[in-house]
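These notes concern the structure reproduced below.
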Amino acid sequence: MRAVLQRVDGARVEVEGEVVGEITGEGLVALVGVTHEDGPEQVATIARKIAELRILDGERSVQDTGAQVFVISQFTLYADVRKGRRPSWNGAAPAPVAEPLVQQVVDALRERGITVATGRFGAHMRVGLTNDGPVTILLEA
């Protein structure tokens with residue numbers, strides 16, 4: 001499992017012109033990709049890192065501040081571009097495997113009392129955000 005975390009000052013996702021999720025103020029956008037071998041251990045690790053990494057203002061975490069998190073499924077994090085000009089998506093888990101695992105990350109964050117917004121799995125999303133810092137971190141579990 002991979003996640004790209006971006007510290008933001010607000011973010012929103014639209015699908016076909018409809019806002020399907022939004023966070024305001026300081027928080028994190030977590031683009032989450034799933035591969036074939038991922039399971040509960042990777043979910044727990046990614047959720048813990050998202051909640052506890054001290055990358056918000058004043059070296060505080062989402063858990064410390066009560067900031068919001070926006071989780072967006074992102075299969076393209078497993079693109080393989082080593083050959084040719086067209087990415088291979090073979091490293092990404094298929095939707096029936098990936099969707100429940102991304103939802104488990106969301107659920108694990110909510111169990112910690114964190115407010116979580118989500119995109120719409122499998123949809124063509126327009127993601128708008130204000131990157132703060134900028135701070136962008138790659139996590140792997």
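The values are calculated or read from the model by the stated rules, or taken from the named source; none is laboratory data. Every value quoted in this text rests on a predicted model; they were computed, and no experiment measured them. A quick note on method: Cβ atoms are made from the backbone with ideal geometry, for glycine too, and the neighbour counts reach across all protein chains shown. For accessibility, only protein heavy atoms count, side chains too; no ligands or nucleic acids. Shrake-Rupley method; radii C 1.70, N 1.55, O 1.52, S 1.80 Å.
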(message) Of the candidates GLY17, GLY113, GLY25, which one comes out as most mobile in a Gaussian network treatment of the chain with C-alpha springs shorter than 10 Å?
(response) GLY17
(request) Please find, in a Gaussian network model of the chain (springs between Cα atoms separated by less than 10 Å), the residue of VAL105, VAL15, VAL62 whose mean-square fluctuation is greatest. (result) VAL15
(request) Give the carbon-plus-sulfur fraction of the accessible surface of region 36-141 in %, rounded to a whole number; probe 1.4 Å, heavy atoms of protein chains only. (result) 47
(request) Working from Cα positions, state the angle (0 to 90°, nearest 10) between the long axis of helix 95-111 and the longest principal axis of the chain. (result) 10
(message) Under 10 Å, Cα contacts only: if you run a Gaussian network model on the chain, which one of ALA108, ALA30, ALA123 comes out with the highest mean-square fluctuation?
(response) ALA123
(request) Could you list which residues have their amide H under 5 Å from that of VAL20, counting only those 5 or more apart in sequence or on another chain, with H placed in the peptide plane? (result) VAL13, GLU14, VAL15
(message) Taking loop as defined by DSSP and a crowding limit of 12 other beta carbons within 10 Å, which trypsin sites (Lys or Arg not before Pro) in region 55-141 fit?
(response) ARG82, LYS83, ARG85
(request) Once you have the Cα-Cα distance between GLU59 and ARG126, take 0.36 nm times their residue separation minus that, and quote the gain in nm to one decimal. (result) 21.1 nm
(request) Compute the longest continuous run of the chain that contains no exposed GluC sites (Glu not before Pro); treat a site as exposed when its DSSP state is not H, G, I, E or B and it has at most 14 other Cβ atoms within 10 Å. (result) 60-141
(message) Suppose R0 equals 22 Å. What FRET efficiency, 1/(1 + (r/R0)^6) with r the Cβ-Cβ distance, do THR24 and ARG48 give to the nearest 0.05?
(response) 0.35
(message) Rounded to the nearest 20 debye, what is the charge dipole size of the chain about its Cα centre when +1 sits on each Lys and Arg Cβ and -1 on each Asp and Glu Cβ?
(response) 500
